[in-house]
1. Run the numbers on the range 96-161 and let me know its relative contact order in percent, using alpha-carbon pairs under 8 Å that are six or more apart.
2. Whole-Hz Karplus ³J(HN,Hα) for the range 163-179, in order, using 6.51 cos²θ - 1.76 cosθ + 1.60 and θ = phi - 60°, x for Gly and Pro?
3. Quick check for you: which residues of the range 161-186 have the amide N under 20 Å from the point 7 Å beyond the Cα of Asp106 toward its beta carbon?
4. Consider all pairwise Cα distances in the range 8-209 and report the whole-number % of them above 31 Å.
5. May I ask you to compute the full-extension gain from Lys158 to Asp178, defined as 0.36 nm times their residue separation minus their alpha-carbon distance, rounded to one decimal in nm?
6. Say the dipole of the chain comes from +1 at the beta carbon of Lys and Arg and -1 at that of Asp and Glu; which of Val34, Met99, Leu89 then lies farthest toward its positive end?
7. Can you spot the lysines whose alpha carbon is less than 26 Å from Lys154's alpha carbon? Ignore those fewer than 8 places along the same chain.
8. What nm distance separates the two modelled labels at Asp94 and Asn119, each placed 7 Å from Cα along Cα→Cβ?
Amino acid sequence: MRTVEHAVIFETITIDPPWDTIYRRLGYRRKTTVLSKRDRDTIDRAIDMACTLIHLKGAARRIAVDQRDESRVILEGGTVFAGSRLAALLRDCDEVLLMGATTGNDILDAVAADTEGENLSRAVVLDAAASEMVDAALDWIMVYYINLLRREGKLLLKRRYSAGYGDFELENQHAFFDLLELRRLGVSINDKFILAPEKSVTAVTGIVRGGNRE
């Protein structure tokens, strides 16, 4: 088991836009929904614009599991994550991987400007692209650690879990914020445990020795 004393910071995460998931978030299927060429080109231009405004950064940290039972997981250092579903997910894990990512503020400023300027259709596309790309940044971090852990004979679970889902309370977001040192990414947190910039996300998954990944 191991605990990394400080978060690993990814100053730049470069990914291709996940076109299909962006279209799905907009309510379309990119290859099958019937759209006019004009409408499709308009959406694609907005996604391309979003890519120039999204500046993905991320953070990750491995922490050993100290104790666990059916309702909570206690990490080395004393952080307690309460939640039966999360505890079930991590039941065979000796370590966890915490991760976080953010788009930065430029894309959000563009969404606000388009909304105020009544270009609502483009604002919706920009917002969808930001949501999907920040989530894809977590995928990128997971792939990075999958490759790293393979050399240690370990595996990363396929699933990840975020604060605010199921019985894993949103207040756990503060532990993510502190342990991942998200201030270094330009992220802040308020007294309601909401991260800013708005398109900032965190999650936890488990690390196991060999065997099967869930």
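1. On the way: 33 pairs, mean separation 19.8, N = 66.
It rounds to 30 percent for the range 96-161.
2. 4, x, 9, x, 9, 8, 4, 4, 4, 5, 4, 5, 5, 4, 4, 6, 5
3. Only 184-186 fall inside the zone, counting backbone N under 20 Å.
4. Numbers: 5005 of 20301 pairs.
Within the range 8-209, distances greater than 31 Å cover 25 percent of Cα pairs.
5. Extra length available between Lys158 and Asp178 comes to 4.8 nm.
6. Val34
7. Lys57
8. 5.4 nm
Every read-out reported here was derived from the displayed coordinates using simple, explicitly stated rules and does not represent laboratory data. In this text the structure is predicted, and so the values were computed from the model without any measurement. Positions of Cβ are generated from backbone atoms using ideal geometry, with glycine treated the same way; all protein chains shown enter the neighbour counts.
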